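No value in this document is a laboratory result; all are computed from the given coordinates. No experiment lies behind these values; they were computed from the predicted model shown. Positions of Cβ are backbone-derived with ideal geometry, glycine not excepted, and every protein chain shown enters the neighbour counts.
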There are 2 protein chains.
Amino acid sequence: MKIHILAVGSELLTPFFQDTDSLYLTRRLNDLGLEVAAKIIIGDERENLQNAVRRSFADADMIFVTGGLGPTDDDRTREAVAEVLNRPLHFHEDILRAIEKRFLRRGKVMPPSNRKQAEIIEGGEVLANSAGTAPGQWIEVEEKTIILLPGPPSELQSICEALIWPRLESRRRSFLVRKVLKTTGVTESELEGLIDGLYPRDPERRLTVLASPGQIELHISAFSTRQAAEAEFRTEALAGELRKRLGTLIISDDGADLEEIVGRYLRRRGETAAVAESCTGGLLSRRLTLVPGSSDYFLEGFITYTNKAKIDRLGVSSEIIEAHGAVSAETASAMAAGVRHKAGSDYGLAVTGIAGPTGGTAEKPVGLVFTALADGEAIRVEKNIFLGDRSRVQFQSAQKSLDMLRRRLMEKAAE
Amino acid sequence: MKIHILAVGSELLTPFFQDTDSLYLTRRLNDLGLEVAAKIIIGDERENLQNAVRRSFADADMIFVTGGLGPTDDDRTREAVAEVLNRPLHFHEDILRAIEKRFLRRGKVMPPSNRKQAEIIEGGEVLANSAGTAPGQWIEVEEKTIILLPGPPSELQSICEALIWPRLESRRRSFLVRKVLKTTGVTESELEGLIDGLYPRDPERRLTVLASPGQIELHISAFSTRQAAEAEFRTEALAGELRKRLGTLIISDDGADLEEIVGRYLRRRGETAAVAESCTGGLLSRRLTLVPGSSDYFLEGFITYTNKAKIDRLGVSSEIIEAHGAVSAETASAMAAGVRHKAGSDYGLAVTGIAGPTGGTAEKPVGLVFTALADGEAIRVEKNIFLGDRSRVQFQSAQKSLDMLRRRLMEKAAE
């Protein structure tokens with residue numbers, strides 16, 4: 001079955017908007033073992049829109065048309081599809097009543113322009129919209145299916161969950177299972193070397209590498225025409241091979257990021273952490289506290305941008321800073337030990353470095369970052385040189401700090 | 001001139017990847033007064049790919065085909081376009097030499113698979129790729145233009161900047177000028193009310209509202225078939241009307257976010273700021289320090305998640321916390337005054353609230369956030385109830401804090 005997604009809306013052809021509905025549709029179709037053959041993004045202009053519908057109707061077996069069901073003059077999806085199918089639009093009194101009621105519940109009167117949202121293509125089934133005014137439409141023509149859906153994600157998704165996916169479940173031809181392994185501490189080419197030979201050669205499985213500085217994701221998918229368990233087995237077999245090769249480079253296989261993994265360990269052990277940040281400027285704390293419930297193990301954070309703050313807040317000695325500089329292994333270590341002591345936490349994390357774009361020297365270039373971890377037994381410090389702009393250096397610094405804590409927690413868990 | 005963008009790559013039809021090259025292409029085409037009529041995203045599968053090329057070749061006058069120029073078996077753009085145009089591919093020895101050299105410079109030998117990147121469609125012009133191996137191709141057929149470009153953004157963009165835009169400049173039919181007004185402190189429906197009647201009715205101008213919690217952007221564009229100055233004038237005329245209506249709700253008209261605007265004011269006045277965060281967990285510091293050079297005015301930050309930290313670090317009295325709770329106007333005020341005093345800064349910003357998803361009560365629900373600003377003259381505190389998930393509550397809290405500082409700095413600048 002060949003599936004097209006046709007996203008309608010002139011704003012989607014500007015540099016400011018991305019079509020995101022198709023990502024949701026693709027994910028849920030994949031869950032049903034169905035793949036998308038093409039995505040087409042088209043404006044509201046009548047001729048172009050009709051042409052695109054005509055093209056997809058000729059090429060695909062199932063077409064999802066998203067957007068263009070609003071009340072304004074620019075909303076022409078209904079008309080365009082009706083025209084291409086050469087079917088009239090029929091006005092449905094009951095849909096109009098439902099729309100009017102929706103306005104009344106908010107103490108408003110329905111503007112006359114909404115009237116056209118009650119028009120359904122002949123032979124089309126109404127897909128009730130519990131989250132908005134425009135209903136979806138399900139039209140079957142010549143063994144092909146055209147599904148019209150409103151563009152706002154909450155409306156589109158609620159219609160799909162209630163009325164589309166249960167129905168397509170019966171047309172399921174195969175089962176698809178996905179797994180994402182997140183890794184850190186390895187470059188893309190190093191990782192490619194490590195997983196050499198593991199790219200699946202069978203058509204039932206796929207492995208895609210999604211790399212960004214500081215984190216590389218391995219997306220595994222497998223399908224089976226027989227049963228979900230077989231697809232699951234195929235996915236897991238490949239995941240198992242990758243785990244053998246990558247070992248502790250893998251952060252998680254359930255979508256969790258470093259801050260969540262670290263949080264799980266800390267919670268399980270009943271331990272606490274505090275952080276002292278210079279060049280990351282709050283990013284490390286921000287990430288740790290993005291996790292719901294992080295107040296159980298995150299005690300506090302210090303953003304000590306100035307030398308004075310490093311001395312006053314963390315008890316770093318001015319001699320250390322004078323002798324080695326604020327960006328040094330010695331200062332990072334003193335910050336980590338200092339924040340642990342001040343906060344009374346089990347672990348102290350510290351970052352100091354040069355995020356750029358200015359502030360670098362020949363000896364201490366932009367991207368030079370020291371990350372340190374203090375616990376009751378030792379202080380560890382690492383020297384890193386990160387590439388990229390300010391934001392990338394900051395992200396990689398936070399990754400490295402969190403990964404040092406993760407590795408220490410893993411060691412302890414293994415003791 | 002009807003322009004299509006055809007993005008090639010099976011990964012773009014998964015839920016994990018978005019085509020972003022088209023956003024860049026659209027932006028730069030718009031700059032030349034050219035608009036995109038459709039974007040098509042298609043996989044590597046031969047028949048689908050050829051079909052899509054054929055469709056676009058029939059419908060459009062200019063087609064940008066991005067991706068699928070790599071060395072692997074899955075890279076079939078060259079072959080598909082050649083097939084549709086019914087033109088042979090010619091091997092270019094000089095391109096192969098350039099690719100080989102590129103590998104040698106990195107101390108590597110070119111794999112044989114890269115050989116096909118030296119194949120050019122008959123009649124096609126080579127667009128040299130200074131950032132990668134696959135050159136682009138510019139093919140003119142029957143008054144139509146097909147441009148093949150490599151998918152990696154750095155390669156695509158460097159080819160476009162050097163070889164495409166200068167060439168299209170001569171085909172310019174109109175001038176387009178854009179401006180973005182960023183606003184905060186207003187809901188989408190309030191804003192729609194304020195700008196009622198300002199949506200342009202002339203076809204030369206466009207106004208698009210892009211809303212997210214805590215920030216709404218107004219995208220204005222205008223074009224002129226005669227000269228850039230006319231487009232500029234039309235844009236500015238609408239921007240002027242919007243400024244009259246929206247006043248200080250507008251943060252910037254040059255793309256700057258709140259943290260940059262606040263930074264500019266502080267730098268100009270030679271003043272400094274420090275922050276104390278509870279529920280934002282570092283986001284406020286993170287945003288302030290994302291700005292290059294922020295170390296000139298950002299002194300330090302305290303992430304005081306626990307009551308003990310609020311007391312020990314900021315000097316908040318335990319009586320205040322006991323009497324009013326950690327999430328209260330009184331505690332927020334004490335935090336702002338405390339951080340200003342401790343850091344010795346001109347301004348102290350503080351946030352305390354309940355970001356959720358848990359921790360809310362009937363009296364103090366999730367989303368309740370107090371933001372406070374202390375300066376030498378007064379302490380201001382605001383009570384907010386923000387909607388949305390944890391991350392949205394945190395973002396809106398940071399927006400509100402930064403906006404309080406912006407407004408205070410504007411007042412002082414006006415004194």
Check: Taking the alpha carbon gyration tensor of chain B, what are the square roots of 5 times its eigenvalues, largest first, to the nearest whole Å?
Finding: 52, 26, 20
Margin query: Pick from A:A222, A:A128, A:A336 the residue whose mean-square fluctuation is largest in a GNM of chain A, springs joining Cα atoms under 10 Å.
Written below: A:A128
Notebook entry, point to check: Share of antiparallel DSSP beta bridges in the stretch A:3-169, in percent to the nearest 5?
Noted result: 40
Item checked: Pairwise Cα inverse-distance average, inverted: Kirkwood Rh of the stretch B:184-334 (Å) -> 18.7
Margin query: Need one number for the stretch B:94-159: average projected area of the convex hull over its C-alpha atoms, nm².
Written below: 4.7
Margin query: Please rank B:E217, A:E259, fewest neighbouring Cβ atoms within 10 Å first, as an exposure proxy.
Written below: B:E217, A:E259
Item checked: Placed amide H near A:E300: partners under 5 Å, 5+ positions off or other chain -> A:V275
Checklist line | Only Lys, Arg (+1) and Asp, Glu (-1) charged, at Cβ; the stretch B:268-414 dipole about Cα centre in debye | finding: 360
Check: What is the Cα centroid distance between the stretch B:277-345 and the stretch A:107-154, reported in whole angstrom?
Finding: 50
Next item on the list: Rank A:P203, A:P153, A:G240 by how far each Cα sits towards the positive end of the charge dipole of the stretch A:140-250 (+1 on Lys, Arg Cβ; -1 on Asp, Glu Cβ) and give me just the farthest.
Entry: A:G240
Next item on the list: Take every DSSP beta bridge whose two residues both sit in chain B, then give the antiparallel share in percent to the nearest 5.
Entry: 60
Notebook entry, point to check: What percent antiparallel are the DSSP beta bridges of the protein assembly as shown, to the nearest 5?
Noted result: 65
Margin query: For the stretch A:1-25 and the stretch A:227-267, what is the centre-to-centre distance using only Cα atoms, to the nearest Å?
Written below: 31
Checklist line | Most fluctuating residue given options B:E143, B:E11, B:E236, as computed from a GNM of chain B linking Cα atoms under 10 Å | finding: B:E143
Check: Which distances in nm, rounded to one decimal and ordered from shortest, link the label point of A:A378 to the equivalent label points in the other identical copies, with labels set 7 Å from Cα toward Cβ?
Finding: 5.6
Next item on the list: Count, for each residue of B:39-52, the Cβ atoms from other chains sitting within 10 Å of its Cβ, then give me the mean as a whole number.
Entry: 4
Margin query: Averaged across B:304-315, how many Cβ atoms of other chains sit within 10 Å of each residue's Cβ atom?
Written below: 4
Notebook entry, point to check: What ranking, highest mean first, results for peptides B:405-412, A:325-332, A:25-32 when packing means the other Cβ atoms within 10 Å averaged over each residue?
Noted result: A:325-332, A:25-32, B:405-412
Next item on the list: Shortest first and in nm with one decimal, please list how far the B:R269 label point sits from its counterparts in the other copies (point 7 Å along Cα→Cβ).
Entry: 4.5
Checklist line | Under the Karplus curve 6.51 cos²θ - 1.76 cosθ + 1.60, θ = phi - 60°, whole-Hz ³J(HN,Hα) for the stretch B:212-225, x wherever Gly or Pro sits | finding: 9, x, x, 7, 10, 10, 10, 9, 10, 9, 9, 10, 9, 8
Check: Using helices alone, what [θ] at 222 nm do you get for chain A, with -39,500 (n - 2.57) per DSSP H run of 4 or more residues, divided over all residues and rounded to the nearest 500?
Finding: -12000 deg cm²/dmol
Checklist line | Percent of C-alpha pairs per 10 Å bin, the stretch A:270-414, short to long | finding: 13, 47, 33, 7, 0
Next item on the list: Please give the helix B:228-246 orientation as an angle from the longest Cα principal axis of chain B, in degrees from 0 to 90, rounded to the nearest 10.
Entry: 30
Next item on the list: Using the 7 Å Cα-to-Cβ label point, sort the distances from A:G247 to its equivalents in the other copies shortest first and give them in nm to one decimal.
Entry: 6.5
Next item on the list: Just need log10 I(q)/I(0) for the stretch A:366-415 at q = 0.21, 0.24, 0.30, 0.31 Å⁻¹, Debye formula, equal scatterers on the alpha-carbon atoms, no solvent, rounded to two decimals.
Entry: -0.73, -0.86, -1.11, -1.15
Item checked: Anchor A:K116: lysines whose Cα lies under 23 Å away (excluding residues fewer than 8 positions away in-chain) -> A:K101, A:K108
Next item on the list: Report relative contact order for chain B in percent, whole number only (criteria: Cα-Cα under 8 Å, sequence separation at least 6).
Entry: 10
Next item on the list: Run through all the Cα pairs of the stretch B:175-252 and give the fraction in each 10 Å bin from 0, expressed as whole percent.
Entry: 20, 52, 23, 4
Check: Average partner chain C-beta neighbours within 10 Å, per residue of A:265-278?
Finding: 1
Next item on the list: Using the 2.2 N^0.38 Å rule of thumb for compact globular proteins, work out how the stretch B:3-169 stacks up: its C-alpha Rg over that value, please.
Entry: 0.98
Margin query: With 10 angstrom as the radius, rank B:S295, B:S401 by how many other C-beta atoms surround their C-beta, starting from the fewest.
Written below: B:S295, B:S401
Check: Counting Lys +1, Arg +1, Asp -1, Glu -1, what net charge surrounds A:R313 among other residues with beta carbon under 12 Å of its beta carbon?
Finding: 0
Notebook entry, point to check: If you count, for each residue, the other Cβ atoms within 10 Å and average over each peptide, how do A:278-284, B:285-291, A:198-204 line up from highest to lowest?
Noted result: A:278-284, B:285-291, A:198-204
Margin query: Report, in listed order, any pair from A:K179/B:K39; A:K2/A:K144; B:K2/B:K144 with a Cα-Cα distance greater than 20 Å.
Written below: A:K179/B:K39
Notebook entry, point to check: Hey, what D do you get for the protein assembly as shown in µm²/s if you plug the Kirkwood alpha-carbon radius into Stokes-Einstein at 37 °C and 0.692 mPa s?
Noted result: 111
Check: Kirkwood hydrodynamic radius (Cα pairs, Å) of the stretch B:334-400?
Finding: 12.4
Item checked: Closest approach to the axis - chain B beta-carbon, rotation onto A, Å -> B:G282, 2
